[in-house]
Amino acid sequence: MRMLLLWLLPLFLAIPLVSGCQREKAGITVAGSTSVEPFAGLLAEEYMSRHPHSHIYVQGGGSTAGIEAVRTHAANIGTSSRSLLPDEKDLYAITVAKDAIAIIVNPKNAIRDLSLDQVRQVFSGKIKNWGGLGAPPHPIVLVSREEGSGTRESFQKFVMGQEEISLESLVQDSNGAIRQVVSNDPHAIGYISLGLVNEQVKALKIAGVEPTLANIEGNKYTLVRPFLFVFNGEPAGEAKSFLEFVLSRPAQELLSREGLVTVLKPSGR
Amino acid sequence: MVYRTRYITQGIAKVLIWIAALSTIGVMILILFQVLAEGLPVLHLRFFLDPPKSMGREGGILPTIIGTFALTVVAILFATPLGVGTAIFLREYTRESRISRLIRFGTDCLAGVPSIIFGLFGFVFFVIFLNMGWSILSGGLTVAAMILPTIISTAEEAIKGIPPSYREVSYSLGGTRWQTVTHTILPSALPGICTGILLSVGRSIGETAAVILTAGSSLLMPTSLFSPIRTMSVHFYILAREGISIEMAYGTGAALILLVLLVNTVANWLLNRYIRRRA
Amino acid sequence: MIMEIKEKIIEKILLLVALSSIAVLALITFFIFQQGLPLIWKIGPKAFILGQQWIPSKGLFGIFPMIVSSFLVTIGALALGIPLGLACTIFLCEWSPPAVGTVLRPAIQLLAAIPSVIYGFWGLIVLVPLVRNYLGGPGLSILSGSVILGFMILPTIISISEDSLKALPPTYKAGALAMGATHWQTIWRVMIPAARSGIVASIILGMGRAIGETMAMIMILGNAVKMPSSFLDSARTLTTNIGIEMGYASGAHRQALFATGVILFIIIMLLNSLAIFLSRRRTG
């Protein structure tokens, strides 16, 4: 008798399996870049508090994976921290914010300013010691994102150009983790989303230009990448509603508070 | 002269062993202590009952608790019948033969597969091939595969420990094999089986690599078995890695340790009761 | 009659159920190999296993540094785990007051159940800065990884070795002592060698666990892709390679990660078969 019950239980589980087999989830899935993910999550929280019956599932997976997910309808909205590639141009992308890449060092590090060239030489391994940059000599500890990360690709594009990031660099799988390492190691240097810079790390000036919102908008600080929402076709339904919210003033102000650059023109224009 | 050296050697060995053992245990306790010390202050009722806010910077960890619970339940529900059934088969329905050796080999091998491989498998099989997506179900089934060997071996041990006289009495009273199993073997083996289940629960709670790849990392309250969820250990990992909030990380860690402590204590208590019954 | 048919059916059902563990193993093997083998074939097994450069963006997939790192981290963990494990086992079995034993044994069991991410976290917060400040390097290193791994496999080594020691016939110990050996001599020259195969099995099991550990290693090893040249270097094991890039990978990159899984799987299966062989010999 008891055995019978024990075996009936998996069968009971099969019922939701069959009934839910189409994976109808109320709500929408927003998947893609892990750089966008925390901000998308905050926006989703805000949106869901205003629209109590909606569900927005935010996931990571990477810019490329997110774009793929939208293409196969596995996700309603794909997020990306890089521009679309030529063979992705058939999808509909809209910039919801702009994010700068900040080169960060430990607050104890004396260096405040580097040229783009110097950054490239450091990350490619040509300059291996802080002594080569005018600071007290000590081997440089490089920290980078993992292969496939949108942030790494943007860094590669803006800073490295044709050169490879040194194979000796430490690799961490999120912006937050890079920030952790740099904040704990006085000799580390890394790159993260400007929106994640806090008092634990110091963002370097690049060729004298500080990564501030003013300099980004004025096109003086050029390590800037778009945060995209990618759709398969015209946005519709809940996805459209979420998009409209994200582009609205309150949402953009939230993003701005978090350190991103808004896409809203200041009111009046 | 030789007589004395032996005792000197023993003395030295004793000292070294004491130092080694005590310092080892000391360090391990220290590890637990650090997390608990920093984390316990964070644990208040709202921590357990509130959902997280600001992507985990504030609020509580309710969805992760529910997610952990749901995933574990799914895993146990699938693994227990399969595991106990296997043990019954091995112990009651066959002798040592090619089939039984093959099954044991499979079970032993399965026990050694690392969790990341289970994660890859679960991702490719449950999430993609069976189209279950990142969900409690995908995660639970993957973990079920991981705990299956444990349930099989503890169930087998439990059944092995039953005196043959129990079976003989049952058969002599005219019971069939199946009746013997259900009315005699299983009830007696139940405490041992439960211990195995509890051990597996502990393992399932702490499992991270496989769960991240199969259950996702959504912080929303799950609405069905197909919802993606973040378990407590995954939440702890993400908080700790991304430095989102060290305080919350410690809190989640402390909650994890307490949970594992609870499960283990109950398992031990059950085991002791079981042993006392047998003896 | 009905009863007999029912019994037959139940027997067949149970047979199917019992084959489930084989079925799962077969499924895992099939899917992992199916995803990973094509890539190994395409690049060539030698280039994959012995290749020293892992640069997915350029299509270079060599996992030799990962294999070496896995090996080094595991050796380091064993170097810590075996002596300490044996010491604790001997302590528990022979030299501790019984009261201590009843407290310690459940404590060790508890430590075995602690999620690995908590060990990793502690390593990150406490051990890594220590290594960085006193020994040099970035702290996120093979050394840190080995130490944490060593602690993680201790409960495994201790509990199985303890079982082996306890399973020895009491005559071994009694005989040795009766012949005038000291307690230590008895332990070291009689009991441990007699329990050798069980202890070795526990070590191999611990080794398997060490090679398979992922999350804590991602946190502590630093994950640099190059071939490590010292224990203070950062490194990436087979497991962390999969763990750290799996979230993002697609296409050939993802296949390469599965291929890494294939190699890992083969290594673990070989180790496990060895352990099974040794432990079966013990009970035989």
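We did not get these values from a lab; they are worked out from the coordinates using the rules stated. Bear in mind that the values here come from a model prediction, so they are computed numbers and not experimental data. So basically every Cβ, Gly included, is an ideal-geometry build from the backbone, and we count neighbours across all protein chains shown.
What is chain A's relative contact order, in percent, from Cα pairs under 8 angstrom and six or more apart in sequence?
26 percent
Could you check the simple spin-label distance between B:I19 and C:K8, using points 7 Å along Cα→Cβ, in nm with one decimal?
Between B:I19 and C:K8, the label points sit 7.1 nm apart.
Students often check this: by mean Cβ neighbours within 10 Å, which of B:197-203, B:181-187 ranks highest, and how do the rest follow?
Taking the mean over residues of other Cβ atoms within 10 Å, the ranking is B:197-203, B:181-187.
Across segment B:109-116, in residue order, what do the Karplus-derived ³J(HN,Hα) couplings come to in whole Hz, using 6.51 cos²θ - 1.76 cosθ + 1.60 with θ = phi - 60° and x for Gly and Pro?
Working through the residues one at a time gives 4, 4, 5, x, 5, x, 5, 5 Hz.
Rounded to the nearest 500, what is the 222 nm mean residue ellipticity of the protein assembly as shown from helices alone, with -39500 (n - 2.57) per DSSP H run of 4+ residues and division by all residues?
When only DSSP H runs of four or more count, the value is -19500 deg cm²/dmol.
If I take every Cα pair under 8 Å that is 6 or more residues apart in segment B:47-278, average their sequence separation and divide by the length, what percent do I get for the relative contact order?
Normalised by residue count, the contact order of segment B:47-278 is 28 percent.
Using a basic spin-label model with each label point 7 Å from the Cα along Cα→Cβ, how many nm lie between C:V100 and B:L102?
Modelled inter-label distance: 5.1 nm.
Just list whichever of A:K128/C:K46; B:K160/C:K12; A:K98/A:K240; A:K89/A:K205; A:K108/A:K128 have alpha carbons separated by over 23 Å in the model shown.
Exceeds cut-off: A:K128/C:K46; A:K89/A:K205.
So which residue, out of A:L223, A:L142, A:L85, gets the largest mean-square fluctuation from a GNM of chain A using Cα contacts under 10 Å as springs?
The residue that fluctuates most here is A:L85.
For segment C:131-141, what does the Karplus curve 6.51 cos²θ - 1.76 cosθ + 1.60, with θ = phi - 60°, yield as ³J(HN,Hα) per residue in whole Hz, taken in order and with x for Gly and Pro?
Coupling constants for segment C:131-141: 4, 5, 7, 9, 10, x, x, x, x, 7, 8 Hz.
Taking chain C as a Gaussian network, Cα atoms linked when under 10 Å apart, which of C:I43, C:I263, C:I13 shows the biggest mean-square fluctuation?
Checking each option, the largest mean-square fluctuation is seen for C:I13.
Determine the sum of side-chain charges near C:I13: Lys and Arg each +1, Asp and Glu each -1, restricted to other residues whose C-beta is under 12 angstrom from that of C:I13.
Values: positive: C:K6, C:K8, C:K12; negative: C:E7, C:E11.
Value of the local net charge: +1.
Quick check: net charge around A:Q156, other residues with Cβ under 15 Å of its Cβ, Lys/Arg +1 and Asp/Glu -1?
Value of the local net charge: +2.
Tally the DSSP beta bridges in the protein assembly as shown and give the antiparallel ones as a percent, rounded to 5.
Antiparallel bridges: around 60 percent, rounded to the nearest 5.
If R₀ is 22 angstrom, what is the calculated FRET efficiency for the pair A:S83 and A:E163, using the beta carbon separation as r and rounding to 0.05?
The formula returns an efficiency of 0.60 here.
For a quick protection proxy, order the peptides B:233-240, A:153-160 by their average other-Cβ count within 10 Å, most packed first.
Ranked by mean Cβ neighbours within 10 Å, highest first: B:233-240, A:153-160.
Please compute, for peptide B:78-88, the average count of beta-carbon atoms on other protein chains lying within 10 Å of each residue's beta-carbon.
Working: counts 4, 1, 4, 9, 10, 4, 4, 11, 8, 3, 5.
Across the residues of B:78-88, the mean count of other-chain Cβ atoms within 10 Å is 6.
Among C:27-35, A:131-139, what's the highest-first ranking by average C-beta atoms within 10 angstrom per residue?
C:27-35, A:131-139
Over segment A:156-269, what relative contact order in percent results from Cα pairs under 8 Å that are six or more residues apart?
Numbers: 64 pairs, mean separation 20.6, N = 114.
Contact order relative to length: 18 percent.
Would you please give the residues with an amide H less than 5 Å from that of A:D113, counting only those at least 5 places away or on a separate chain, with H modeled from the backbone geometry?
Excluding prolines and chain starts, which carry no amide H, the hits are A:K205.
When you look at the Cβ of every residue in C:179-192, what mean number of other chain Cβ atoms sits within 10 Å?
The mean count of partner-chain Cβ atoms within 10 Å per residue comes to 3.
With θ set to phi - 60°, apply the Karplus curve 6.51 cos²θ - 1.76 cosθ + 1.60 along segment B:58-65 and write out the HN-Hα couplings as whole Hz, x wherever there is a Gly or Pro.
Coupling constants for segment B:58-65: 9, x, x, 10, 3, x, 6, 5 Hz.
Hey, got the average number of other protein chain Cβ atoms within 10 angstrom for residues in A:201-212?
Mean partner shielding for this stretch: 0.
For A:F227, enumerate residues with amide H under 5 Å from its amide H, sequence gap 5+ or separate chain, H modeled in the peptide plane.
Those qualifying (amide H under 5 Å, at least 5 residues apart or on another chain) are A:V96, A:A97, A:K98, A:D99.
Is there a quick way to get the dipole size of chain B? I mean about its Cα centre, with the Cβ of Lys and Arg at +1 and of Asp and Glu at -1; what is the value in debye to the nearest 20?
With only Lys, Arg, Asp and Glu charged at Cβ, the dipole is about 940 debye.
Give me the dipole magnitude in Debye, nearest 20, for segment A:164-269 about the Cα centre, with unit charges on the beta carbon: positive for Lys and Arg, negative for Asp and Glu. Working shown, then result.
On the way: 10 positive and 12 negative charges, 95 e Å.
In total the dipole reaches around 460 debye.
Specify which residue in the list B:A21, B:V260, B:M232 is farthest towards the positive end of the charge dipole of chain B, using unit charges on the beta carbon of Lys, Arg (+1) and Asp, Glu (-1), about the Cα centre.
Farthest along the dipole direction, towards plus: B:A21.
If amide H atoms are built 1.01 Å from N in the plane of the peptide, which residues on other chains or at least 5 residues away come under 5 Å of the amide H of A:S169?
For A:S169, the qualifying residues are C:V225.
Of all beta bridges DSSP finds with both residues in chain A, what is the antiparallel percent, to the nearest 5?
Rounded to the nearest five, the antiparallel share is 60 percent.
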